[in-house]
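Working notes, structure below.
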């Protein structure tokens, strides 16, 4: 089971494709810089993709529409 649920995140980001782009970009950034917005122990996921999803759900990544 993925935490957080994709259905809940799609209320924040209106497109699955935009969500994939945002999460992939943030995941690559995490792996490259080793910078996390929350303490590492507070993440439920151990992988960077899951951690990026958690940051989107926690409203730490702000999505702007153009």
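Specify which labelled value, from (i) -0.31, -0.48; (ii) -0.45, -0.62; (iii) -0.42, -0.56, agrees with log10 I(q)/I(0) by the Debye sum over Cα atoms at q = 0.13, 0.16 Å⁻¹ derived from the coordinates of the model shown.
(i)
With everything on Cα atoms, drop me the angle between helix 16-33 and the longest principal axis of the chain, reported from 0 to 90° to the nearest 10.
20 degrees
Given points 7 Å out from each Cα along the Cα-Cβ axis, report the residue 42 to residue 21 separation in nanometres with one decimal.
2.9 nm
Compute the acute angle (0 to 90°) between the alpha-carbon long axis of helix 48-57 and the principal axis of greatest extent of the alpha-carbon atoms of the chain; round to the nearest 10°.
Its long axis makes an angle of about 50 degrees.
Residue 31 to residue 10: FRET efficiency via 1/(1 + (r/R0)^6), r the Cβ-Cβ distance, R0 22 Å, to the nearest 0.05?
0.35
Any read-out appearing in this document is the output of simple, stated calculations on the displayed coordinates, not a laboratory observation. Just so you know, these numbers come straight off a predicted model, no measurement behind them. Cβ sites come from the backbone with ideal geometry, for glycine too, and all protein chains shown count toward neighbours.
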